[in-house]
Structure formats: C-alpha cells, structure tokens
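Visitor: Input: one structure, supplied below.
The values are calculated or read from the model by the stated rules, or taken from the named source; none is laboratory data. Small disclaimer: the values here were computed from a predicted structure and weren't measured. Neighbour counts run over all protein chains shown; Cβ positions are idealised from the backbone, glycine included.
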Amino acid sequence: MAAVQVAIFLFTDFGSDDLYVGQVKSALHEYAPGNAVVIDLLHNAPAFNVRASAHLLAALVGRVPPESVVVAVVDPGVGGARRPVAMRADGRWCVGPDNGLMSVIAARAQAAQIFLITWRPPTLSASFHGRDLFAPFAGMLAGDARAADRMEAQAGLDVRLGGDDLAEVIYIDHYGNAMTGLRAGRLHRKQCVVAGERRLAHARVFADIEAGEACWYENSIGLIEIAANGTSASAKLGLRLGQPLAVD
C-alpha cells in the first residue's frame with residue numbers, strides 16, 4: 001500500500017523574493033519524508049505584526065486539510081525568551097514561536113494541545129529559527145516517527161490573543177483589496193463597515209457595484225474584505241495596515 005502523502009504548509013513574513021524561503025524548504029527537504037508536499041500559504045504576512053498575522057493565519061488554516069503540518073513564522077522576538085512550540089488543533093499541527101501567532105487558532109479550536117519543542121539541531125542560528133528549528137521539527141512531525149520524544153506537553157500557550165475578531169485591516173493584497181480581522185458570518189448583510197469617514201455597504205461581489213465604487217464583501221476565506229470594482233480600494237479610501245474599523 002502506498003504511503004499517505006503529507007502536506008506541509010508555510011506561512012511566514014520572510015518575503016517571496018528574499019533568500020529565506022528557499023533555505024526553509026531546503027531544511028524541510030532534509031527532515032521531511034520523501035512523499036511530503038510543501039505548499040506556500042503566504043510569505044508576505046504583515047512583517048513584525050504578530051496580531052494581524054495571527055488572525056490571517058487563523059482564517060487560512062480553516063482551508064488546510066486535517067493531518068497537515070503548518071510552519072508559522074512571524075517572529076520579531078527570534079532569539080529571545082519566547083518558546084518554540086508545536087500545537088495540534090482540530091487535527092492539524094502548527095509549529096512556530098509562542099508569541100501569540102498561533103493563539104487565535106487555539107482559542108477557536110474545539111480541541112488544542114500545546115507542546116514545548118525540546119529538540120535542538122546541532123547548529124542553531126540565533127536569528128533564523130524558521131530554518132534551523134521550526135522547519136526541521138515540522139518535517140519530523142510530518143514523518144510521525146521522531147517528534148514524539150522531542151517535545152513536552154504544556155498547559156497552554158504563554159501568549160494568548162484570544163479568539164475575538166480584530167476590527168482592523170490585517171492585509172492588503174496586490175489588487176488593493178483590504179482584508180480585515182472580522183469574520184463575515186458575524187455581520188448582517190444590511191450592516192455597514194466604517195473606515196475613517198466612509199460607510200461601506202455590503203455587496204455579494206465587487207462586480208455587483210458600479211465601476212470605481214467600494215463595498216465590503218465576504219471573501220473566500222470567510223473574512224470581511226473591502227474592495228472596489230476595477231480599482232484599488234486601499235488607494236481610493238486611503239486604507240492602511242492596522243487601520244481601525246467599525247461596524248454600523
């Protein structure tokens with residue numbers, strides 16, 4: 001019988017065009033089983049912004065198949081006191097820093113277990129735990145053979161952001177659409193999203209409004225997103241990462 005293929009997903013703020021992602025994948029190639037497939041979720045997560053990234057990660061993980069492994073690294077405190085952890089939440093593994101990044105997933109999960117990673121590689125860079133620690137350990141988890149005795153169960157995460165929605169812009173894509181930390185299923189379609197002095201009504205998709213007009217809609221990962229038909233909503237409305245929002 002053929003071995004079941006395991007997927008490893010990468011979520012980082014390393015940048016798609018920089019030299020870091022390739023090194024992470026090289027480490028995965030060394031430690032993960034030969035049948036593992038590596039998938040890029042995002043490498044342009046909001047740099048240094050753990051809170052926004054945590055809400056974006058929580059939305060994306062909902063589309064990750066069970067029994068997969070997610071390497072999640074937005075780690076401005078790398079080399080400091082924050083702990084390296086592995087978390088099993090609703091059948092998926094996440095590996096990364098205990099700095100709040102995985103805590104939104106944990107808070108919303110039906111079941112979550114936290115483990116301190118006690119394993120260390122022969123060489124550990126002070127500033128690149130994504131390559132030297134998190135990727136190798138994710139590879140071990142994907143192989144399901146060497147990880148169990150290299151981690152210790154913990155009562156919980158040190159840094160917990162909670163499971164509540166985040167009423168601010170958490171990501172702006174290259175179209176100029178602004179994703180928010182608000183889950184669309186919690187709003188009535190007659191409610192407006194307020195950004196600065198603009199009150200934005202709901203539309204099913206941006207093609208349902210006039211060219212150049214802006215709206216909010218439920219995007220493909222269940223978040224409220226602000227978009228404009230045929231133009232950049234962020235430029236049109238002056239939206240920025242971290243901009244606070246309100247619901248009316």
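Visitor: Looking at MET140, is it over 30 Å from TYR217 (Cβ atoms) and part of a strand (DSSP E or B)?
Guide: Values: over 30 Å from TYR217 (Cβ atoms): yes; part of a strand (DSSP E or B): no.
Considered against the rule, which asks whether it is over 30 Å from TYR217 (Cβ atoms) and part of a strand (DSSP E or B), MET140 comes out as no.
Visitor: I'm trying to understand the selection: among the residues of region 163-198, which are touching a His at 6+ places or on another chain (Cβ under 6 Å) and farther than 23 Å from LEU42 by Cβ? Reasoning before the result, please.
Guide: So the first thing to find is which residues in region 163-198 are touching a His at 6+ places or on another chain (Cβ under 6 Å), and the list is 166, 170, 181, 189.
Within region 163-198, just ARG189 meets the criteria.
Okay, residues lined up against (1) without any contact (Cβ under 8 Å) to a residue 24 or more places away in the chain; (2) under 30 Å from VAL37 (Cβ atoms); (3) surrounded by fewer than 17 Cβ atoms within 10 Å (Cβ to Cβ):
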position	(1), (2), (3)
PRO122	yes, yes, yes
PHE128	no, yes, no
ALA138	no, yes, no
GLN154	no, yes, yes
ALA178	no, no, no
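Visitor: Hey, can you tell me all the residues within region 165-184 that are out of contact with any helix residue (DSSP H, G or I) (no Cβ under 6 Å at 6 or more places or on another chain) and either modelled with pLDDT under 95 or part of a strand (DSSP E or B) (or both)?
Guide: Of everything in region 165-184, those that are out of contact with any helix residue (DSSP H, G or I) (no Cβ under 6 Å at 6 or more places or on another chain) and either modelled with pLDDT under 95 or part of a strand (DSSP E or B) (or both) turn out to be ALA167, GLU168, VAL169, MET179, THR180, LEU182, ARG183.
Visitor: Is there any pair linking a residue in region 217-237 that is assigned by TED's automatic domain parsing to the domain that holds ARG186 and in contact (Cβ under 8 Å) with a residue 60 or more places away in the chain to one that is among the charged types (D, E, K, R) and surrounded by 18 or more Cβ atoms within 10 Å (Cβ to Cβ), with Cβ under 8 Å and at least six apart or on different chains, and which?
Guide: As it stands, the answer is GLY222/ARG183; LEU223/ARG183, since those pairs meet every condition given.
Visitor: With the requirement that a residue be at pLDDT 95 or above and in contact with a His (Cβ under 7 Å, 6 or more places away or on another chain), what does region 11-43 give you?
Guide: THR12, PHE14, GLY15, VAL21
Visitor: Now for a separate question. Provide a single number: the residues in region 5-39 that are in a loop (DSSP other than H, G, I, E, B), touching a residue at least 24 places away in the same chain (Cβ under 8 Å) and not hydroxyl-bearing (Ser, Thr, Tyr).
Guide: Of region 5-39, the ones in a loop (DSSP other than H, G, I, E, B) are 5-6, 13-19, 32-36.
Checking which are touching a residue at least 24 places away in the same chain (Cβ under 8 Å) leaves us with 5-6, 13-16, 32-33, 35-36.
When the remaining residues are screened for being not hydroxyl-bearing (Ser, Thr, Tyr), the result is 5-6, 13-15, 32-33, 35-36.
Counting residues in region 5-39 that are in a loop (DSSP other than H, G, I, E, B), touching a residue at least 24 places away in the same chain (Cβ under 8 Å) and not hydroxyl-bearing (Ser, Thr, Tyr) gives 9.
Visitor: State all residues of region 50-92 that are in a helix (DSSP H, G or I) and either polar (S, T, N, Q) or in the same structural domain as LEU182 (by TED's automatic domain parsing) (or both); if no residue qualifies, say none.
Guide: Within region 50-92, the subset in a helix (DSSP H, G or I) is 50-61.
Scanning region 50-92 gives a single hit, SER53.
Visitor: Being basic (Lys, Arg) and under 28 Å from ILE224 (Cβ atoms) is the filter; apply it to region 54-108 and report the residue that is surrounded by the most Cβ atoms within 10 Å (Cβ to Cβ).
Guide: We begin by selecting, within region 54-108, every residue basic (Lys, Arg); these are 63, 82-83, 88, 92, 108.
This time we only want the ones that are under 28 Å from ILE224 (Cβ atoms), so: 63, 92, 108.
Details: ARG63: 11, ARG92: 20, ARG108: 17.
So the residue we want is ARG92.
Visitor: Whether any residue in region 191-208 is touching a residue at least 60 places away in the same chain (Cβ under 8 Å) and on the phi > 0 side of the Ramachandran plot is what I want to check.
Guide: Taking region 191-208 first, the residues touching a residue at least 60 places away in the same chain (Cβ under 8 Å) are none.
Within region 191-208, none of the residues are touching a residue at least 60 places away in the same chain (Cβ under 8 Å) and on the phi > 0 side of the Ramachandran plot.
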